Amino acid sequence: MLNIFIGYDKNETAAYHVLSHSLLRRAQGPISITPLVREHFPFFTRVRGPLESTDFSISRFLVPYLSGYQGYSVFMDADMLCRVSINDIWQDLNVDGFKHKALWVCPHDYTPSSERKMQGQIQTAYPRKNWSSLMVFDNSECRVLTPDYVNTASGLQLHRFEWLQDEQIGFLPVEWNWLVGEYPPNDQAKMLHYTLGGPWWGKYRGCDHAGEWFDEFRHMTGMDYFPIQAWEQPPLRA
C-alpha cells in the first residue's frame, strides 16, 4: 500500500478531487489517499499566519506523525495533476544511499516569475522554495516532526528542512513536480503542479496544461460528452 496525503483547502475543493481521481485512475498498485483537513486535527493548534497561502501550508509536516512514524508516505499539494502511475515514484528515488535518506523532494532552483499567485496571495521567495510541495517521507527518520514541533517551529525552519541534515535529503527528478507557468509546457512531466493558480480559477483558465485538467474533471464526473466550451462561461470559480 502506498500511503498518500494530499493538502486540503476549502477554497480548492475541485482541485483536491481531480488530483485524487488522477491518482486513482492511473495507479498500478494499491494506494490510500488521506486529505489533510485542518479541522480534523485538534492537536494542530497553530494559528494560520499571513504568509500561509493554504490551510495545509504547515500541516503537511504532520504526515510522519499521522503515519505512526512507520513506513513511507507521500505528501503532495492539492493543485496538482498526476499523469502516470504514482507507484512509479519508487523507481525514481535516489537508489544510492537509499537507506540513509529521510526525505525525497524535487530540488527546484528558480526565482518566482510573479509577485502574486492564486487569489492574489503574496509570492514569497526563499531557498528551497516549492521543495516541500511534493515529499516522500521515510517516516521513521522524521520523528522530530512531532505535533509540538510542527506547532512551534517557524515556517522557514520547516519548509527549508532545517530539522534534517542536508545529506539526509534525497532528490527526485523535477518531472515529478513540474511547475506550470514557471517551467515551459512538458509532455514528459509526470506530475503537473499548477503552483501559480490552476484552471479551476477563472483567471487561470488559459494557463499551460489547462485542457488536461478539464479533461480529468470531465472524466471524473462522467461528463465526457460536454465540450470544453461548456466550461468557458461561467468559470468554475470567479
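The values are calculated or read from the model by the stated rules, or taken from the named source; none is laboratory data. The shown structure was predicted, so the numbers you read here are calculated from the model rather than taken from an experiment. Don't worry about glycine lacking a Cβ; one is built from the backbone with ideal geometry, like all the others, and counts go over all protein chains shown. To get the accessible areas, we keep the full protein, side chains included, count just its heavy atoms, and leave off ligands, DNA and RNA. Shrake-Rupley method; radii C 1.70, N 1.55, O 1.52, S 1.80 Å.
Data overview
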{"quantity": "Residue list for the range 176-207, filter: open to solvent by 10 Å² or more (accessible area, probe 1.4 Å), touching a residue at least 60 places away in the same chain (Cβ under 8 Å) and in a helix (DSSP H, G or I)", "calculated": "Tyr204"}
{"quantity": "Failed item in (1) touching a residue at least 40 places away in the same chain (Cβ under 8 Å); (2) in contact with a helix residue (DSSP H, G or I) (Cβ under 9 Å, 6 or more places away or on another chain), with Met223 passing the rest", "calculated": "(1)"}
{"quantity": "Test: residue in the range 6-16 that is over 23 Å from Cys142 (Cβ atoms), assigned to a loop (DSSP other than H, G, I, E, B) and in contact with a strand residue (DSSP E or B) (Cβ under 8 Å, 6 or more places away or on another chain)", "calculated": "no"}
{"quantity": "The range 91-109, residues that are touching a residue at least 24 places away in the same chain (Cβ under 8 Å) and surrounded by fewer than 19 Cβ atoms within 10 Å (Cβ to Cβ)", "calculated": "Asp92, Leu93, Asn94, Gly97, Phe98, His100, Pro107, His108"}
{"quantity": "Those residues of the range 46-71 which are at pLDDT 95 or above and either within 18 Å of Leu192 (Cβ to Cβ) or open to solvent by 50 Å² or more (accessible area, probe 1.4 Å) (or both), in sequence order", "calculated": "Tyr65, Leu66, Gln70"}
{"quantity": "Yes/no for Phe75 being among the aromatic types (Phe, Trp, Tyr), buried (at least 23 other Cβ atoms within 10 Å of the Cβ) and under 30 Å from Gly211 (Cα atoms)", "calculated": "yes"}
{"quantity": "Residue check for Asn151: modelled with pLDDT of 95 or more, in contact with a Ser or Thr (Cβ under 7 Å, 6 or more places away or on another chain), open to solvent by 20 Å² or more (accessible area, probe 1.4 Å) and not aromatic (Phe, Trp, Tyr)", "calculated": "yes"}
{"quantity": "Residue selected from the range 128-140 under the condition crowded, with 17+ Cβ neighbours inside 10 Å and in a helix (DSSP H, G or I), by the criterion farthest from the chain's Cα centre (by Cα)", "calculated": "Asn139"}
{"quantity": "Matching residues in the range 209-238 - criterion: being assigned to a loop (DSSP other than H, G, I, E, B), at pLDDT below 95 and within 22 Å of the chain's Cα centre (by Cα)", "calculated": "Leu236, Arg237"}
{"quantity": "Residues located in the range 25-49, provided they are part of a loop (DSSP other than H, G, I, E, B) and either in contact (Cβ under 8 Å) with a residue 40 or more places away in the chain or not aliphatic (A, V, I, L, M) (or both)", "calculated": "Ala27, Gln28, Gly29, Pro30, Phe41, Pro42, Phe43, Phe44, Thr45, Arg46, Arg48, Gly49"}
{"quantity": "Pairs with Cβ under 6 Å, 6+ apart, first in the range 61-76 and within 10 Å of Thr146 (Cβ to Cβ), second of a type in the set (Phe, Trp, Tyr) and buried (at least 19 other Cβ atoms within 10 Å of the Cβ)", "calculated": "Pro64/Phe137"}
